[in-house]
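For reference, the structure is listed below as structure tokens.
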């Protein structure tokens, strides 16, 4: 729905007040990185990104393609066929095509899937950097450790429903029905335990 | 301390100073973090570490799922 591929069953999805559904102009401001791995294997990374730059009718497609490939650090391998790329490299080429028209919003569907730890770290750095440069970066993931490390605003979906929203520490704090767990180390744990118990006016403590 | 529950106390194994650790549950997060330092000071106890044991997106998510 956010990528304009599905209509919402009720309500509307908008970007800066503009409806996304059936509005192809919106793609000037959105970069989409789909989860699907399938790409045009017969062309090189350079050709693929350049073709996308031309599809956007950018004034200087070569310069735009070069800049996008530089952003994802793929200029070194841009002359190779896409079929020879690793998963991480394909992911970065997909990212370059999504970035070629310099959109303010970047949507990524499960970008960490199938990546090895080194590729994941690279991608995390890249996403953080994009955010720092003022882009809105929105990605879906079920790899919660990564989400926790790089996301500033988290939307939690449970079984297709929106369950919580915001910073995960804030969300945790709002779950008041769950007592907070702490690990404490001190120079006298036994005395501290006794002191905590002595202060405790809570029924059933102990 | 009101709303605080001492869940367990470890002895010796695998900790940096061999003294173990306390595991505490606090229902009132704000009251707990306010009270603990002064309580330790009044009893002449030095705190080395106070760290949340379930403050991760993983635990938040599992709590949301099990609701």
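Since every read-out is calculated from the coordinates, none of them should be taken as a lab result. Every value quoted in this text rests on a predicted model; they were computed, and no experiment measured them. Counting neighbours? That spans all protein chains shown, and the Cβs are built from the backbone with ideal geometry, glycine included.
For region A:80-193, what is the relative contact order in percent, using Cα pairs closer than 8 Å and at least 6 residues apart in sequence?
Working: 78 pairs, mean separation 20.0, N = 114.
Relative contact order, region A:80-193: 18 percent.
Using helices alone, I'd like the mean residue ellipticity at 222 nm for chain A: each DSSP H run of four-plus residues gives -39500 (n - 2.57), total over residue count, nearest 500.
Computed mean residue ellipticity for chain A: -11000 deg cm²/dmol.
Mind ranking A:48-58, B:40-50, A:136-146, A:5-15 by how tightly packed they are, going by the mean number of other C-beta atoms within 10 angstrom, highest first?
Working: A:48-58: 18.5, B:40-50: 14.2, A:136-146: 16.3, A:5-15: 10.5.
Answer by packing, highest mean first, reads A:48-58, A:136-146, B:40-50, A:5-15.
Cβ-to-Cβ counts within 10 Å put A:86, A:186 in ascending order as A:86, A:186, the fewest first.
Going by neighbour counts of Cβ atoms within 10 Å, the residues A:46, A:21 line up, fewest first, as A:21, A:46.
Going by neighbour counts of Cβ atoms within 10 Å, the residues A:150, A:30 line up, fewest first, as A:150, A:30.
Average partner chain C-beta neighbours within 10 Å, per residue of A:153-162?
2
Relative contact order, whole percent, for chain A stands at 16, derived from Cα pairs under 8 Å and 6 or more residues apart.
Among the residues of B:39-48, the average count of other protein chain beta-carbon atoms within 10 Å of the residue beta-carbon is 5. Relative to the longest principal axis of the Cα atoms of chain A, the long axis of helix A:189-199 makes an angle of roughly 70 degrees.
Determine the gain in length on full extension of the stretch residue A:124-residue A:155; use 0.36 nm per residue of separation and subtract their C-alpha separation, reporting nm with one decimal. Please report the intermediate quantities before stating the final value.
Working: separation 31, 0.36 × 31 = 11.16 nm, distance 1.79 nm.
Working it through step by step, the gained length comes to 9.4 nm.
So what are the protein assembly as shown's ellipsoid semi-axes, whole angstrom, largest first, if each one is the square root of 5 times an eigenvalue of the alpha-carbon gyration tensor?
Numbers: eigenvalues 501, 96, 42 Å².
Rounded to whole Å, the semi-axes are 50, 22, 14.
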